[in-house]
Amino acid sequence: MMGILADPMAARDHARAMAGTVVEAMPLLPPVADDLPTDVSAEDLVWEETIAAGGYATRRLARGSRLRLIDLEGDACASLLIFNAEMPTERLNVADTVKVQWNAYLGAGKLLLSDMGRVLMSILVDDAGTHDAFCGTSNATTNQAKYGEGRNSGAFPNGRDRLLLGAAKHGLQRRDVHPCVNLFKGTRIEPDGTITPLVGPYEGGRTMILRAEMDVIVVIANCPHVLDPREQWSVTPLRASAWRGAVTPADDPIRNATPEGLRAFLNVEDYFRR
Amino acid sequence: MTTDPDLAGLSGPVVHDEIVPARAPWLHHVATGQTLRIVDLEGNQAVDFLLYSAADDAERYSAQDTVAAQGNLFLRAGTVLRSNEGRPMMTITATSVEYHDTIGGACSCESNTLRYGHHTKSQHACVENFLEANLIEGRGKRDMVSNINFFMNVPVEEDGALGIVDGISAPGLTVDLRAEMDVIVVVSNCPQINNPCNAFNPTPVRMIVTA
């Protein structure tokens, strides 16, 4: 093998022979999906990718885009960072997200707020119901302690290092990787503050649809929840699809659901008044 | 022998002692092994608090790593304040308040517009203080993360209902923090006047560092 591939043309033929290989975790280009909502045109699909267990993905999404995440086999954990794409110093603020909405738990109708009083994304559909705004993700230290190893280059990558790589693909640095939310893996807060992890595994196919309320960069890591009690590093693939959609209209029920949320939308609309 | 009750229980010589005025920022470097005591002089005063590693300020306090590591949302005596890389930065060695908050974040001009209305946009806020202090050392908005609110009470109800409620602090109550690495402490003595976190009346706090 090595002898043959010492010839550049043979190396080229070897590389080209891989074309058309299909694996589970990969992007589809151009994007294609046979299960889009009936009111979504196939031409409006902009992103179709399955994120590996332990993998990550990142994407810039225009205002109005819908992002659908599917927990294919019931054991995915989507740790999510969100940035304002044109000014990434503005980003998801988990403290404001729970404080402004007077509630600890994410779900349909909830807003993901930035540190500038604006809504970055809203949750349109959620049939999972188990999410977490408090625990963040694993890091090299926690994975080393729990699984004996946690490097990007090893078998049990940690969430923080995946988010760092995803953010770096947009020119961002360590100080840009901010507190995240975890989708599909949840926590319940007991009266004394105890955090009870809700990690399933669940039935496959749980789905969320988020709407970008600004031009955003999303970075998604799919690694086990940091409080996953299982000894084995356990996570399954996550599917991401995105399609173009209308900017939120004035009569949108999520926009108008609460006075605090409405002011977050007013701040977004003010930002785009230019 | 001192008779200053704010120093009770502290061992080691006092190397810094300062009153932070109501509504003001404060930045101070605390060396490994030193203890910082925060005194809530008049009671019911939230002290918004961030930490950075002095050796590498991209490593900073992480509320998420801290609560995940201890499996509990509330900061109590014994809590280890962890960095975004999972390392111990400071330990709460003692506190006369039952618990402290780290999920409520800092008030900002922008979030005040959501919480209370656009008439509060021009009011002073903790994020203004954090930025003012951090900018002196070259840090900026990318360095703002979820903070600690000492002496602030944010219970989470069974249905997830959450909010800043009346303080559980009183005049003279304290929290002691031992530095586990060389750290930069950045504080906003919270100026918020639209909720009960400061009893609607921001007051001074005292910062005492012992070697």
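Are any residues in region A:116-125 under 16 Å from A:PRO253 (Cα atoms) and open to solvent by 10 Å² or more (accessible area, probe 1.4 Å), and if so, which ones?
Of everything in region A:116-125, those that are under 16 Å from A:PRO253 (Cα atoms) and open to solvent by 10 Å² or more (accessible area, probe 1.4 Å) turn out to be A:LEU124, A:VAL125.
So is A:THR196 at pLDDT 95 or above, at the interface with another protein chain (Cβ under 9 Å from one of its Cβ atoms) and buried (at least 24 other Cβ atoms within 10 Å of the Cβ) or not?
Criteria not met by A:THR196.
I'd like to know if region A:141-154 contains one or more residues that are of a type in the set (Phe, Trp, Tyr), over 13 Å from the mean Cα position of the chain (by Cα) and at pLDDT 95 or above. Talk me through it step by step, then tell me what you get.
Step one: filter region A:141-154 for residues of a type in the set (Phe, Trp, Tyr), giving A:147.
Adding the requirement that they be over 13 Å from the mean Cα position of the chain (by Cα) leaves A:147.
After this cut, where a residue has to be at pLDDT 95 or above as well, the list is A:147.
Checked against the condition, which is being of a type in the set (Phe, Trp, Tyr), over 13 Å from the mean Cα position of the chain (by Cα) and at pLDDT 95 or above, region A:141-154 yields at least one hit.
So, in region B:31-45, of the ones that are at positive phi and open to solvent by 20 Å² or more (accessible area, probe 1.4 Å), which residue ends up farthest from the other protein chains (Cβ to nearest Cβ)?
For region B:31-45, the residue satisfying everything is B:GLY33.
Can you tell me which condition B:LEU131 does not meet? The list is (1) open to solvent by 10 Å² or more (accessible area, probe 1.4 Å); (2) modelled with pLDDT of 95 or more; (3) under 30 Å from B:SER11 (Cβ atoms), and all the others hold.
Failed condition: (3).
Looking at B:ASP56, B:ASP48, which one is within 14 Å of chain A (Cβ to nearest Cβ), under 24 Å from A:ASN93 (Cβ atoms) and out of contact with any Ser or Thr (no Cβ under 9 Å at 6 or more places or on another chain)?
None of the other options fit; the residue is B:ASP56.
Any idea which of A:LEU106, A:LEU113 is surrounded by 24 or more Cβ atoms within 10 Å (Cβ to Cβ), more than 24 Å from A:VAL199 (Cβ to Cβ) and among the hydrophobic types (A, V, I, L, M, F, W, C)?
That would be A:LEU113, the only listed residue that is surrounded by 24 or more Cβ atoms within 10 Å (Cβ to Cβ), more than 24 Å from A:VAL199 (Cβ to Cβ) and among the hydrophobic types (A, V, I, L, M, F, W, C).
Of the conditions (1) more than 9 Å from chain B (Cβ to nearest Cβ); (2) surrounded by 24 or more Cβ atoms within 10 Å (Cβ to Cβ); (3) at positive phi, A:LEU183 fails just one. Which one is it?
Every listed condition holds for A:LEU183 apart from (3).
Residues that are part of a loop (DSSP other than H, G, I, E, B), open to solvent by less than 30 Å² (accessible area, probe 1.4 Å) and under 28 Å from B:GLU128 (Cβ atoms): does region B:12-30 have at least one?
Yes, because at least one residue in region B:12-30 is part of a loop (DSSP other than H, G, I, E, B), open to solvent by less than 30 Å² (accessible area, probe 1.4 Å) and under 28 Å from B:GLU128 (Cβ atoms).
Residues of region B:134-145 being open to solvent by 20 Å² or more (accessible area, probe 1.4 Å), facing chain A (nearest Cβ under 9 Å) and outside any loop (DSSP other than H, G, I, E, B), which ones?
B:LYS141, B:ARG142
In region A:229-267, which residues are touching a residue at least 12 places away in the same chain (Cβ under 8 Å), within 11 Å of another protein chain (Cβ to nearest Cβ) and either touching a Ser or Thr at 6+ places or on another chain (Cβ under 8 Å) or open to solvent by 70 Å² or more (accessible area, probe 1.4 Å) (or both)?
A:PRO229, A:ARG263, A:PHE265, A:ASN267 - these are the residues of region A:229-267 that are touching a residue at least 12 places away in the same chain (Cβ under 8 Å), within 11 Å of another protein chain (Cβ to nearest Cβ) and either touching a Ser or Thr at 6+ places or on another chain (Cβ under 8 Å) or open to solvent by 70 Å² or more (accessible area, probe 1.4 Å) (or both).
Out of all the residues in region B:62-71, is one or more touching a Pro at 6+ places or on another chain (Cβ under 6 Å), touching a residue at least 40 places away in the same chain (Cβ under 8 Å) and either closer than 16 Å to A:ILE195 by Cα or of a type outside the set (Phe, Trp, Tyr) (or both)?
yes
Enumerate the helices (runs of 4 or more DSSP H) found wholly within region A:87-176, keeping only those where 2 or more residues are facing chain B (nearest Cβ under 8 Å), among the polar types (S, T, N, Q) and farther than 30 Å from A:ASP270 by Cβ.
Answer list for region A:87-176: A:140-147.
Residues to consider are B:ILE168, B:ILE208, B:ILE193, B:ILE148; find the one that is surrounded by fewer than 23 Cβ atoms within 10 Å (Cβ to Cβ) and modelled with pLDDT of 95 or more. Give the derivation first.
Values: B:ILE168 fails: modelled with pLDDT of 95 or more; B:ILE193 fails: modelled with pLDDT of 95 or more; B:ILE148 fails: surrounded by fewer than 23 Cβ atoms within 10 Å (Cβ to Cβ).
Residue meeting the stated conditions: B:ILE208.
Give the residue that is farthest from the chain's Cα centre (by Cα), with candidates limited to residues of region A:156-177 that are under 17 Å from B:MET144 (Cα atoms) and open to solvent by less than 10 Å² (accessible area, probe 1.4 Å).
So, considering only residues that are under 17 Å from B:MET144 (Cα atoms) and open to solvent by less than 10 Å² (accessible area, probe 1.4 Å), the one farthest from the chain's Cα centre (by Cα) is A:ASP176.
Assuming A:ARG255 fulfils every condition listed in (1) under 24 Å from B:LYS121 (Cβ atoms); (2) among the basic types (Lys, Arg); (3) assigned to a loop (DSSP other than H, G, I, E, B); (4) out of contact with any strand residue (DSSP E or B) (no Cβ under 9 Å at 6 or more places or on another chain) apart from one, which condition is it?
Only one criterion in (1) under 24 Å from B:LYS121 (Cβ atoms); (2) among the basic types (Lys, Arg); (3) assigned to a loop (DSSP other than H, G, I, E, B); (4) out of contact with any strand residue (DSSP E or B) (no Cβ under 9 Å at 6 or more places or on another chain) is unmet by A:ARG255, namely (4).
What's the total number of residues in region B:101-128 that are surrounded by fewer than 24 Cβ atoms within 10 Å (Cβ to Cβ), more than 9 Å from chain A (Cβ to nearest Cβ) and assigned to a helix (DSSP H, G or I)?
Number satisfying all stated conditions: 3.
A quick yes/no check of all residues on (1) open to solvent by 10 Å² or more (accessible area, probe 1.4 Å); (2) not in a helix (DSSP H, G or I):
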residue: B:LEU50; (1), (2): no, yes
residue: B:ASP57; (1), (2): yes, yes
residue: B:GLN64; (1), (2): yes, no
residue: B:ALA77; (1), (2): yes, yes
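Considering only region A:53-97, state which residues are open to solvent by less than 40 Å² (accessible area, probe 1.4 Å) and under 18 Å from A:PRO31 (Cβ atoms).
A:GLY55, A:ALA57, A:THR58, A:LEU61, A:GLY64, A:SER65, A:LEU67, A:ARG68, A:LEU69, A:ILE70
The values are calculated or read from the model by the stated rules, or taken from the named source; none is laboratory data. Please read all numbers here as calculations on a predicted model, not as lab measurements. Cβ coordinates were reconstructed from backbone atoms using ideal geometry, including for glycine residues, and neighbour counts include every protein chain displayed. Just so you know, the surface numbers come from the protein's heavy atoms only, side chains and all, with ligands and any DNA or RNA stripped out. Shrake-Rupley method; radii C 1.70, N 1.55, O 1.52, S 1.80 Å.
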